[in-house]
Amino acid sequence: MRNFEKVSHNVLILFAIVFICLATNFESSAQCKTLFSYSLVEGSGGTDRSEARGFSISLKLEEGLQDNYTIELFDLYIGEAAEKMIFFFKIGELKKVFLDVKPSRYLIYIQSGSCKKQSITSGIEGIEIK
């Protein structure tokens, strides 16, 4: 009878560990769920129209947590980050994040302060600026 009690006790401990692991993974997945939309505006290098050059890229947090987000503009032609910034976003907030962006093809990587997983907002093919 004692062996049965030991086995039952060990099985209960194993189930508890598995449950805790699953619950932790579910919580972190919920924290990592974000959705941003982006927009491009031509000729937005300065405040005065005579200073306008290049493009600007704006991002809007559609879904996710209000948090600090690391935003990286990755140039696919050069193969390195063109710019990296940190911004605080609230749901529905639109922010101009990159100014004076030169013609190239870019990916926009986004990572929240509460999640280690990066997401790509621009799609796998990137954004082409001509």
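The values are calculated or read from the model by the stated rules, or taken from the named source; none is laboratory data. Predicted, not measured: the structure shown is a model, and the values here were computed from it. Here the Cβ positions follow ideal geometry from the backbone for every residue, glycine too, while neighbour counts run over all protein chains shown.
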Are any residues in the range 99-116 part of a loop (DSSP other than H, G, I, E, B) and surrounded by fewer than 16 Cβ atoms within 10 Å (Cβ to Cβ), and if so, which ones? Lys102, Pro103, Gly113, Ser114, Lys116
Please work out if Lys96 is surrounded by fewer than 16 Cβ atoms within 10 Å (Cβ to Cβ) and either closer than 14 Å to Leu35 by Cα or over 17 Å from the mean Cα position of the chain (by Cα) (or both). no
Here's a check for you: in the range 49-90, which residue that is within 13 Å of Val101 (Cα to Cα) and in a loop (DSSP other than H, G, I, E, B) is modelled with the highest pLDDT? Gly54
